[in-house]
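Notes for the one structure printed next.
The values are calculated or read from the model by the stated rules, or taken from the named source; none is laboratory data. All figures in this text were calculated on a predicted structure; none of them were measured in a lab. As a convention, Cβ positions derive from the backbone with ideal geometry for all residues, glycine included, and neighbour counts pool all protein chains shown. We work out accessible area using only protein heavy atoms, side chains counted, and drop any ligands, DNA or RNA first. Shrake-Rupley method; radii C 1.70, N 1.55, O 1.52, S 1.80 Å.
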Protein chains: 2
Amino acid sequence: MENPKIVEELKPFFEPKAVAIIGATNKKGKVGNVIFENFKRNKEQGIFKGNIYPVNPKLDEIEGYRVYKSVKELPDDTDLAVIAIPAPFVPNTMREIAEKGIKAVVIITGGFGELGEEGKKMEEEILQIAKENGIRVIGPNCVGVYVPDTGVDTVFLPDEKMDRPKSGPIAFVSQSGAFAAAMLDWAALAGIGIGKMVSYGNKIDVDDADLMDYFIYDDSIKVVTFYIEGVKDGRKFIEAAKRITKVKPVIALKSGRTEYGAKAASSHTGSLAGTDVIYDAVFKQTGILRAEDFEHMFDVAKAFAKCKLPKGDRVGIITDGGGAGVMASDAVAKFGLRMAELSEETIKYLKEHFPPHAVVGNPTDVVGDTDAQRYKYAIEAFVNDPNVDAIIVIVLFQVPLLDEDEIVEILAEYAKKSEKPILAVAMGGKKTEKYAKILEEKGVPVYPTPERGVRALAGLVQYAKYLEKLKGE
Amino acid sequence: MENPKIVEELKPFFEPKAVAIIGATNKKGKVGNVIFENFKRNKEQGIFKGNIYPVNPKLDEIEGYRVYKSVKELPDDTDLAVIAIPAPFVPNTMREIAEKGIKAVVIITGGFGELGEEGKKMEEEILQIAKENGIRVIGPNCVGVYVPDTGVDTVFLPDEKMDRPKSGPIAFVSQSGAFAAAMLDWAALAGIGIGKMVSYGNKIDVDDADLMDYFIYDDSIKVVTFYIEGVKDGRKFIEAAKRITKVKPVIALKSGRTEYGAKAASSHTGSLAGTDVIYDAVFKQTGILRAEDFEHMFDVAKAFAKCKLPKGDRVGIITDGGGAGVMASDAVAKFGLRMAELSEETIKYLKEHFPPHAVVGNPTDVVGDTDAQRYKYAIEAFVNDPNVDAIIVIVLFQVPLLDEDEIVEILAEYAKKSEKPILAVAMGGKKTEKYAKILEEKGVPVYPTPERGVRALAGLVQYAKYLEKLKGE
C-alpha cells in the first residue's frame with residue numbers, strides 16, 4: 001500500500017460523518033435546496049448515515065432541521081462542507097472552514113476561473129487557504145459527488161429532471177458537469193450501476209490523478225471511467241495512471257481530439273487539449289483504454305464489471321442468426337482480435353449433438369429453429385475448448401422455439417462457472433430489453449449490436465495484454 | 001418513367017387483391033398458422049383489404065375461413081401465393097400456381113439451396129416454372145414481406161415473439177431473415193417507421209436490383225436500406241442502383257467486409273462476399289451510402305426520412321452542455337464535415353441576446369442555466385446565417401430551467417420552416433426518451449450521442465454532394 005494518505009484525505013467526500021450544506025435554503029429548485037433535499041431524503045431512507053447541518057444566516061430551520069447561522073457555529077463532527085453560495089462570498093467562507101478544521105470541501109458555485117481574471121484570482125485565494133490548512137477541494141463550478149451506497153449526492157438537479165443510477169462497481173469522473181448529469185440519467189435507464197461519480201469542474205485541487213490514487217484502495221470500485229478535456233499536470237497524471245492500472249482498468253473518453261474539438265474544449269473548460277497523439281501515447285504507456293464515445297466507454301466498463309479477463313484474443317462466436325454472426329466476425333477483425341480455430345473435439349461434439357442444418361464452426365450457427373439446449377451444447381463445447389479464449393453469444397430472442405428463461409439461465413450459469421469471459425449480444429425490441437436486463441442482473445453483459453459486443457470484448461483483451469506485458473517487465 | 005413493368009410485377013406482393021396461404025393450419029405457432037393469423041388480424045382491423053384463402057388438403061375451415069383443398073380450387077382473384085409447406089412439395093405446387101395464373105409467390109419454406117445440391121436442383125426447377133409463366137418469386141427460405149399500410153405480413157414470428165413497427169417512409173430489405181425479424185422488433189421499440197420490409201432469403205428471383213427499381217416508383221418510400229452479404233448479378237445491381245439514387249437515397253449495410261466476415265457469410269448464405277474494396281467502389285460509383293452497422297444505417301435513414309437536404313457541409317452546433325459540444329465538434333472533423341464560421345451578424349445578434357456567461361461561437365453554448373428562449377435565439381440566428389448549411393442542436397434535458405415542452409415546440413417549428421436540416425441530440429434517461437419520441441413525431445430526428453447525430457448528418461451531406469455531382473455531369 002503506497003499511498004493511503006490520499007484515502008484519508010478524500011474519504012470525507014464519499015462517506016462523511018457530518019455534512020454542512022452552506023447556502024441551504026427552503027426555496028424549491030434552488031441549488032442549495034436540491035442538495036439539502038438529496039441528503040435529507042437519503043437520510044430518511046437510511047442510506048445517508050451522517051448528520052446534516054444546513055448553514056444559512058437568514059434561516060432558523062428547514063423542514064425540521066436546525067439551520068446554523070455560520071460555519072463557526074457548526075458542530076465539531078462536521079467533516080465535509082458543500083458550498084452553494086455566490087462566488088464572491090466563497091473565499092471568506094473558506095477561511096471560516098479552515099478555522100473550523102473541516103478538511104473536505106465541495107464548491108458547487110460557478111463564476112470563477114471560467115469567467116475570467118477576477119474569478120481566477122478568487123480561485124487562487126481559495127486554493128491558498130486550502131493548501132495552508134490541509135483542506136482538499138472539489139470544484140468550483142461543478143456538480144460534485146454522487147455515491148449511492150452512502151447517500152452522498154451533491155447533484156443539484158432534482159429527481160424530476162434527472163434519474164439516479166443504482167450502485168455498481170463503476171466509478172465515473174467527469175470534467176463536464178452537464179455531461180455528468182446526462183450520464184447519470186442515462187445510466188439509470190440503461191441499468192448501469194455507478195458506485196461513485198465525481199464531477200470536479202474547474203479542478204483547482206482534487207484532480208484525475210488524486211481520484212485514481214483513491215480508487216486503487218476502494219474495494220467497491222472495479223473499473224474507473226473518465227471524461228476529460230485536458231490534463232493540467234501531465235507527470236502527476238501519468239504516475240497515478242501507472243499505479244492504478246496495475247490493479248484496476250481505467251477507461252478514458254478524451255474529447256478535443258481534432259482541431260475543431262480542441263477549439264471547442266478551449267472555450268468550454270479552458271483546457272489546452274494538446275496534440276491528440278500525445279494523449280494517445282500517454283494512454284498507451286499507462287495502460288489506460290481510450291474510448292471513442294460514451295457508449296464505448298460504458299460498454300467496456302460493463303464488461304469489466306461483470307467478466308473475467310480473457311487469457312488471449314481468440315474469440316468464439318455462437319449465434320442463432322447467420323447475419324449477426326457475419327457482422328460479429330467482421331467486428332472481430334475490425335477490433336484486432338482473432339477468430340478461434342475450434343478444436344477437433346469441439347467440432348466432433350457439436351456435429352454429434354446438432355441437426356444437420358445447424359452450422360458447426362466459428363461462428364457456430366444454431367439457426368432459427370434452435371431451442372435453449374442447442375445453445376447449451378455450443379456454449380459447453382466452447383467453454384471446454386482450449387483454443388477459445390472468450391465467447392460472444394448472440395441471442396435473437398425472436399426465434400420461435402427458444403425458451404427465453406432457459407437460455408438466460410444457461411448463459412448465467414456458464415458465465416459464472418467458466419474461467420472465460422462470456423458476453424451476450426441481443427438485438428430486438430421490448431422483449432429483448434426485458435431479457436437483457438435479467439441477463440445483466442445475473443452477471444452477463446449484454447450489447448445491442450454485434451459490433452458493440454465485440455468492441456467491449458476487445459477492451460478486456462487489451463487490458464489483459466497490458467497486465468501480461470507488465471508481468472514480463 | 002423507364003420501367004413500370006417491374007411495378008406491375010411486384011405490386012401483388014405489397015398490395016394483393018387476394019392472398020392464398022398454402023400450408024395454412026390451425027396449429028398455433030406453426031409457420032402456416034402465424035402467417036394466416038397475421039392476415040386475419042389485419043383484415044379484422046381493416047388494414048388488409050384483400051381476400052384471404054387458406055389452402056390445406058386436410059382441413060375444411062380455419063376460424064371461420066373456408067379452406068381450399070388445392071391451388072386449383074382457388075378463386076380467380078388470387079394474385080399472391082404464400083407457400084409454407086415442406087420443400088419437396090413446393091415444385092409441384094408451383095406448377096399448380098402457374099396453371100392457376102397467379103403471378104406472385106412468396107416461398108417461406110427453407111431446405112433448398114442452403115442445404116446442398118438436391119435443394120439447389122429444386123430451386124432451379126421452381127425458377128424455370130416461374131420464368132416460363134411470368135411468375136415472380138420472393139424466397140425461398142425467407143420471412144418474406146411486411147407492409148404495415150396494406151396489412152401484408154408473412155413474418156412467421158407471432159406478436160409475442162416480435163413486435164411490429166409502425167409505418168414510415170423507410171424501406172428495409174434484408175438478406176438475413178433472423179436479422180430482419182430482429183430489426184423489425186428493434187424498430188418497433190425505437191419508434192422507427194418501416195413502410196416496406198422484404199426479406200428474400202435465397203433470392204432465386206426477386207433481388208435487390210428489382211426492389212430498387214420498384215421503390216423508385218413507390219411514393220410511400222423516401223429512403224431504402226439494405227442488409228446484404230453478397231450480390232449475385234453485379235451489373236444488374238449497379239444499373240438499378242444508379243437509377244434509384246438519382247431520386248432516392250439508398251443505404252447499404254454490407255457485411256462480410258473482412259476475411260473473417262467473408263468466411264462466415266459464405267457458410268451463412270453461400271454469398272461470395274468478394275473483395276470489399278470492390279463493394280466500396282460500387283457503392284461510391286452508384287451513390288449508395290455505406291453503413292458501418294445497423295445503428296448507423298437507421299440513424300442515417302431516419303435523417304433522410306425527416307430532414308431536408310443540406311446545401312453544403314458547414315455545420316453549426318448549439319448545445320447546453322460544453323462537453324457535448326466538444327464531442328460534436330470532434331465528430332464534425334471525424335466524419336469529414338466542416339464547422340461553420342458564423343457570420344458577424346449572427347455573433348452580434350447572439351451577444352446582444354445572451355447573458356455574458358453564455359458562449360457565442362460554434363459551438364454556441366447556451367450553458368446550463370438556459371431557458372428555451374435562449375435556444376430560440378441561437379436557432380433563429382443559425383437558420384438565418386448564410387454560412388451555416390446544417391444545424392445540430394444538443395439538448396440535455398437535465399438542466400434545471402429548461403421548459404421541455406417549449407424547447408420541443410421551438411425545434412419542431414424551425415425544423416419545419418427552415419430550409420436547412422436540423423438534427424437533435426439528447427443524452428439521458430427516461431425523460432429524455434419521452435421528449436425524444438415527441439420530437440421525432442414532430443419531424444425532428446433525435447440521436448442518443450453527439451457522434452451518432454453528426455454521423456447521420458454526414459450521410460445527408462454525402463448524398464447531397466452525390467446529387468450535385470450528377471447535375472454537373
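What to note about this one:
- Fraction of antiparallel bridges per DSSP, the protein assembly as shown only, in percent to nearest 5: 15 percent
- Every helix of 4 or more DSSP H residues in chain A counts as -39500 (n - 2.57), and over all residues that averages to -14000 deg cm²/dmol at 222 nm.
- Pairwise centroid distance, computed over Cα atoms, of the stretch B:45-62 with the stretch A:55-78, Å: 77 Å
- Karplus-derived 3J(HN,Hα), 6.51/-1.76/1.60, for each residue of the stretch A:31-47, Hz, glycine and proline x: 3, x, 7, 4, 5, 4, 4, 4, 5, 4, 4, 5, 5, 4, 8, x, 8
- GluC sites (Glu not before Pro) within the stretch B:370-439, DSSP loop, no more than 14 other Cβ atoms inside 10 Å: B:GLU419
- Rel. contact order, % - alpha carbon contacts under 8 angstrom, at least six apart, chain A: 10 percent
- Using a cut-off of 27 Å between Cα atoms, the listed pairs A:LYS430/B:LYS28; A:LYS43/A:LYS442; A:LYS254/B:LYS351; A:LYS471/B:LYS263; A:LYS120/A:LYS161; B:LYS196/B:LYS254 include A:LYS43/A:LYS442; A:LYS254/B:LYS351; A:LYS471/B:LYS263; A:LYS120/A:LYS161 as exceeding that distance.
- Comparing the full protein assembly with the isolated chain (1.4 Å probe, heavy atoms, ligands and nucleic acids excluded), the residues of the stretch B:415-437 losing at least 20 square angstrom of accessible area are B:MET427, B:GLY428, B:GLY429, B:LYS430, B:LYS431, B:GLU433.
- The Rg/Rh ratio for the stretch B:1-124, using Cα coordinates for both the radius of gyration and the Kirkwood hydrodynamic radius, is 0.98.
- In the stretch B:285-331, the residues whose accessible area drops by at least 50 square angstrom when the other protein chains are added to the isolated chain are B:PHE294, B:GLU295, B:VAL326, B:MET327, B:ASP330; the probe is 1.4 Å and only protein heavy atoms count.
- Distances, shortest first, from the label point of B:GLU404 to those at the same position in the other copies read 2.6 nm; the point lies 7 Å along Cα to C-beta.
- Among beta bridges that DSSP assigns inside chain B, antiparallel share in %, nearest 5: 15 percent
- When only alpha carbons are used to place a centre, the stretch B:217-235 and the stretch B:319-338 end up 32 Å from one another.
- Inter-chain Cβ neighbour average for residues A:246-259, partner chain, 10 Å: 3
- Shape box of the stretch B:83-220 [Cα atoms, principal axes, largest first, Å]: 42, 32, 24
- Take B:GLU118, push a point 7 Å out from Cα through the beta-carbon direction, and compare it with the same point in every other copy: 8.9 nm, smallest first.
- Cβ nearest the rotation axis (A onto B), residue from chain A and distance to the nearest whole Å: A:GLU295, 5
- Taking one quarter of the surface of the C-alpha convex hull of the stretch A:58-152 gives a mean projected area of 6.8 nm².
- Between A:ARG136 and A:ALA104, A:VAL105, the built amide H atoms are under 5 Å apart, and every one of these is 5 or more places off in sequence or on another chain.
- Rounded to 5, the percent of DSSP beta bridges in the stretch A:15-80 classed as antiparallel: 20 percent
- Solvent-free Debye scattering, log10 I(q)/I(0), computed from the Cα coordinates of the stretch B:368-473 at q = 0.10, 0.11, 0.13 Å⁻¹: -0.30, -0.35, -0.48
- From the alpha carbon centroid of the stretch A:103-148 to that of the stretch B:424-473 is 38 Å.
- Take the Cα radius of gyration of chain A and divide it by 2.2 N^0.38 Å, N being the number of residues; the result is 1.09.
- Across the stretch B:274-419, Cα-Cα pairs more than 25 Å apart make up 33 percent of the total.
- Contact order relative to length of the stretch B:1-136, as percent, for alpha carbon pairs under 8 angstrom and 6 or more apart: 23 percent
- Two-decimal log10 I(q)/I(0) for the stretch A:324-389, as the Debye equation yields it once each C-alpha is a single scatterer, q = 0.16 Å⁻¹: -0.53
- Estimated D of the stretch B:29-94 in µm² per second, where Rh is the Kirkwood radius over Cα pairs and Stokes-Einstein applies at 20 °C, 1.002 mPa s: 168 µm²/s
- Sites matching GluC sites (Glu not before Pro) across the stretch A:43-86 that sit in DSSP coil, with at most 16 neighbouring C-beta atoms within 10 Å: A:GLU63
- Amide N proximity, the stretch B:307-344 versus B:ASN384 label position 7 Å along Cα-to-Cβ, cut-off under 18 Å: B:316-318, B:341-344
- In nm, spacing of pseudo-spin labels at A:ASN92 and B:GLU44 (7 Å Cα→C-beta vector): 7.6 nm
- Across the identical copies, the label point of B:PRO75 (7 Å from Cα in the Cβ direction) is separated from its matches by 8.4 nm, in order from shortest.
- Aspartates and glutamates with Cα under 14 Å of A:LYS103, excluding same-chain neighbours fewer than 8 positions away: A:GLU8, A:GLU9, A:GLU15, A:ASP76, A:ASP77, A:ASP79, A:GLU132, A:ASP205
- Taking every residue in A:353-365 and counting other chain Cβ atoms within 10 Å of its Cβ, the average works out to 2.
- Percentage relative contact order, the stretch B:410-449, counting C-alpha pairs under 8 Å, at least six apart: 51 percent
- In order along the stretch B:57-69, the phi-based Karplus estimate (6.51 cos²θ - 1.76 cosθ + 1.60, θ = phi - 60°) of 3J(HN,Hα) comes to x, 9, 10, 9, 7, 10, 6, x, 8, 5, 9, 8, 6 Hz; Gly and Pro are listed as x.
- Radius 10 Å from Cβ of A:THR258, net charge of other residues (Lys, Arg +1; Asp, Glu -1): 0
- Evaluated over the protein assembly as shown, the Cα radius of gyration and Dmax, each in Å: 30.2, 100
- With all protein chains kept in place, the per residue accessible area of the protein assembly as shown amounts to 38 square angstrom at a probe of 1.4 angstrom.
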